[in-house]
Protein chains: 2
Amino acid sequence: MIKTVTVVGATGAVGRIIIRLLEERRFQAEKFRFLASKRSAGKTIEFRGEPHTIEELTHDAFAPDELVIASTPDDIAAEYLPHAIEAGSRVIDESGYWRMNPDVALVVPEINPQAALDAKGIIASPNCSTTQMVLALKPLHDAAKVTRVIVSTYQAVSGAGLQGTADLEEGSRAHLAGQAYTYEAFAFPIAFNAIPQIGSFKDDGYTSEELKMVRETRKILGDESLQINATCVRIPVANCHSETITVETERPVSPEEARELFSNFPGLEVMDDLSTDLYPMPATCTDRDGVYIGRIRRDISHPNGLSFWCVSDNLRKGAATNAVQIAELLSKSS
Amino acid sequence: MIKTVTVVGATGAVGRIIIRLLEERRFQAEKFRFLASKRSAGKTIEFRGEPHTIEELTHDAFAPDELVIASTPDDIAAEYLPHAIEAGSRVIDESGYWRMNPDVALVVPEINPQAALDAKGIIASPNCSTTQMVLALKPLHDAAKVTRVIVSTYQAVSGAGLQGTADLEEGSRAHLAGQAYTYEAFAFPIAFNAIPQIGSFKDDGYTSEELKMVRETRKILGDESLQINATCVRIPVANCHSETITVETERPVSPEEARELFSNFPGLEVMDDLSTDLYPMPATCTDRDGVYIGRIRRDISHPNGLSFWCVSDNLRKGAATNAVQIAELLSKSS
């Protein structure tokens, strides 16, 4: 059994759900510690019905043999997590900072659990928009080798943290009242708008979020030949990312075969019945741990193409659930 | 000069804007008539500062040599517009009913004006999601032959009529207040949600809206070989449709060439400067008559691919503006 679980970033949007999941899933450990920035240190949070004092995240905060689950901004992960490794802890990191480091395992437990078990250093959890897509791609890739992916995202504001959620709520309220509102998490109003930029602009006119979907997907599937084109868009949805995904495979995969492949793969759930207007939507998938797939159909523009619609709770499977699943994997093997 | 302009569906979401545009653009005619259903007949609307009584739309409502601009549901267009043609009027129709009829011209004035001038019967204006896409495709198709299009839409509620707009506003208000709201224009809540179905389900798992984008685009460009795969999604935006568009062309088109082609084509405007976070968004394109393009970049998944983001006011260029432009074209040639 794990001796100590240490949640870093315990007061953030994802940290709060990690804590809820550790409760819900009855994660076994002798001790639980909760770390956050100086601002939150000293405050109390409830865990399993008992108050716990939040400790300050410092370089010396880590002891040997802890299992650290961290969800912080990139710069915090860059600075503090090496100290946890040095102290002899195992680290599961939600941030974007370490994922593409060749010494870091990038893990979705349903896809590459062994990478987590073999990891010597940090184990990274992928970007939310990557996780749900790569999980959907995996059974198709195994069955018929995916050669090309074209994805457009419809991303919720909760991906921008608690302030993102506050911005959508307060911005919507203000807009409906004809009042002004100053957004903090977004460069433009998100209420009743769509913003075709998530992250900063990088190479070739792509954003950092779009390139994460390319690079992280290749790393998790272990296939650098996979061609991926992503467009990431923020929309005024509180929680759950949606994606339109069109793939080309080496041999044609019929919608019937795809439905079968998705249905049989752990973590995926097919919600696809046109006769009853059944498909996943943010409103129906929030607070759920799976990745939900609908609108499965032949891509009528390509002989080996398949299109579908994929929704998942970006704070759950896109972040907290995936991290806690990695923790469970390590716990079982320890 | 046109003798009489008759606006059918004068009280609808698009009809109201047609009337505003006839004022703004100083459309020349001796007489303007405004028709609507029995429910609205007898009411008064203001046009150019003077009150006009709304007449009831009946089979006998049309006189010879009128220019009829109609924006009604499909069943109304099916029933009434043939009577206008029989009466000797020319008819511009916004509905979806007549567009694919082989005797009907389907016109975007910047692309195929001659089809309107040659038309013997009804002249149809395309579906909103088609119009903005086909306008963006046209210069690429002329320069390098587009062979395949993959498009995902982010469509505003105003496309579902005045009730769609009311549903988003009232539904959002209710959601923020923690109250229930019964949606009338949508099968599911649209506030803070995304619905991956617009129209009814048709062949191969595609919706009527998606197949309109395929068939209407081919008809307008006069190219039945063009392969198109569309996913149409309703998002909680009041007005303006956005689209992610990825094309394959017979020869590669660089982003620089594409920018040049778009900039030089009438009706298109490039808003694309990464250094200043400039790209079109619903919030910045509403109440404007153009089709706005940004995020122009090489499709990194295909040697002959190009990706971009396209926003347009679905009630303006997607409907009313296109219809009034067709009317202006007929007016000039009459």
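General observations
- Over the protein assembly as shown - Rg/Rh using Cα atoms and the Kirkwood inverse-distance radius: 1.02
- Cα pair distances of the stretch A:173-233 binned at 5 Å [whole percent]: 4, 16, 20, 16, 13, 10, 9, 6, 3, 2, 0
- Probe 1.4 Å, protein heavy atoms only - accessible area per residue of chain B in square angstrom: 38
- The label-point distance for residue B:118 and residue B:25, in a model that sets each label 7 Å from Cα toward Cβ, rounds to 2.3 nm.
- Cα-centre dipole for the stretch A:66-146 with unit charges at Cβ (Lys and Arg positive, Asp and Glu negative), debye to 20: 360
- Label distances, nm, residue A:63 versus same residue in remaining copies, Cβ-directed 7 Å point: 9.4
- Buried area at the B:A interface is about 4900 square angstrom, summed over both chains, from accessible surfaces computed with a 1.4 angstrom probe.
- Of all chain B C-beta atoms, the nearest to the rotation axis linking B with A is recorded, alongside its rounded Å distance, as B:152, 2.
- Its DSSP H runs of at least 4 residues, each contributing -39,500 (n - 2.57), put the calculated 222 nm mean residue ellipticity of the protein assembly as shown at -9500 deg cm²/dmol, to the nearest 500.
- Each of the GluC sites (Glu not before Pro) that DSSP puts in a loop and that has at most 14 other Cβ atoms within 10 Å breaks chain A; the longest unbroken stretch is A:1-183.
- Contact residues in the stretch B:289-334 (at least 40 Å² less accessible area with all protein chains than alone, 1.4 Å probe): B:295, B:297, B:300, B:301, B:309.
- Threshold 30 Å² - residues in the stretch B:189-225 whose accessible area is reduced by that much or more when the chain is no longer isolated, probe 1.4 Å: B:192, B:193, B:194, B:196, B:197, B:201, B:204, B:205, B:206
- Taking the Cα centre of the stretch B:129-314 as origin and assigning +1 to Lys and Arg Cβ atoms and -1 to Asp and Glu Cβ atoms, the resulting dipole is close to 280 debye.
- Kirkwood radius for chain A, taken over all pairs of different Cα atoms as the inverse mean of 1/r, rounds to 20.5 Å.
- With the label put 7 angstrom out from Cα along the Cα-to-Cβ vector, residue B:273 ends up 5.3 nm from the copy partners, going from closest to farthest.
- For the protein assembly as shown, the dipole from Cβ point charges (+1 on Lys and Arg, -1 on Asp and Glu) about the Cα centre works out to 180 debye, to the nearest 20.
- For the stretch A:49-162, the calculated P(r) over all alpha carbon pairs, in 5 Å bins from 0 to the bin holding the longest distance, is 2, 10, 17, 19, 18, 14, 10, 5, 3, 1, 0 percent.
- Per principal axis, descending, Cα span of the stretch B:129-314 in whole Å: 54, 42, 29
- Taking the 1.4 Å solvent-accessible surface of the stretch A:129-314 as the whole, the part contributed by carbon and sulfur is 48%.
- Other protein chain C-beta atoms within 10 Å of residue C-beta, averaged over B:266-274: 1.
- Dipole of the protein assembly as shown, positive end: most advanced residue of B:119, B:322, A:190 [Cβ charges, Cα centre]: A:190
The values are calculated or read from the model by the stated rules, or taken from the named source; none is laboratory data. Everything numeric here is computed off the predicted structure, so don't read it as measured data. Don't worry about glycine lacking a Cβ; one is built from the backbone with ideal geometry, like all the others, and counts go over all protein chains shown. Ligands, DNA and RNA are stripped out before the accessible areas are found, and what is left, the full protein with its side chains, is counted by its heavy atoms. Shrake-Rupley method; radii C 1.70, N 1.55, O 1.52, S 1.80 Å.
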